[in-house]
Amino acid sequence: ANAIFAFGEERHSRRIARAIVQARAEEPITTTAGLARIVRSVVRPSKDGIDPATRTFQALRILVNDELGELDRVLAAAERVLGAGGRLVVVAFHSLEDRRVKSFLRTRSGGDPKGSRFSPEAVLGMELEGPRPSFRLVSKSAVKPTDAEAKRNPRARSARLRAAIRTDAEPWSDAA
């Protein structure tokens, strides 16, 4: 239930997990069609026509393949291998990926929110300097497909493209 909720962003995760446990008690789940049938039995179809089992399969795929960990590692590797002026372009297909990419690029471009101007550090002039920005954002917001593009290619409906240009600053340490 926790994995389906966290990685699938499924609000009915507990209901789905209970149904899976109950079905497994009767017989093993051996096919994806069987699992999809179980999910559909406890979650109503959405108005947008997306299969109710989509988020559950997404959660299982992300968990098993460590997709978010892989994404974090590839972003850090891109920062290390790209030369000044190199472009990092990432297409994310769901909000978990996009949030990670957005956060990475915002942080590495020096766009993280700063402390309050009323904070004691700022008043005393003791604000800590961080590493120099290693990326410059091409655009603050993600590029989304047009309605026409999504109609021609339904898989594009959830795609988000973010891009940044590598600066000449040293790569940040993994702790940053």
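Okay, here's what the table says:
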item	result
Residue that is farthest from Ala78 (Cα to Cα), among those in the range 155-174 that are open to solvent by 30 Å² or more (accessible area, probe 1.4 Å) and among the hydrophobic types (A, V, I, L, M, F, W, C)	Leu161
Selection from the range 139-154 of residues that are open to solvent by 80 Å² or more (accessible area, probe 1.4 Å) and either under 16 Å from Asp98 (Cα atoms) or touching a residue at least 24 places away in the same chain (Cβ under 8 Å) (or both)	Lys140, Val143, Lys144
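The values are calculated or read from the model by the stated rules, or taken from the named source; none is laboratory data. Predicted model, so just to flag it, every value in this text is computed and none were measured. In this analysis, Cβ positions are derived from the backbone assuming ideal geometry, glycine residues included, and neighbour counts consider all displayed protein chains. The accessibility values were calculated without ligands, DNA or RNA, using every heavy atom of the protein model including side chains. Shrake-Rupley method; radii C 1.70, N 1.55, O 1.52, S 1.80 Å.
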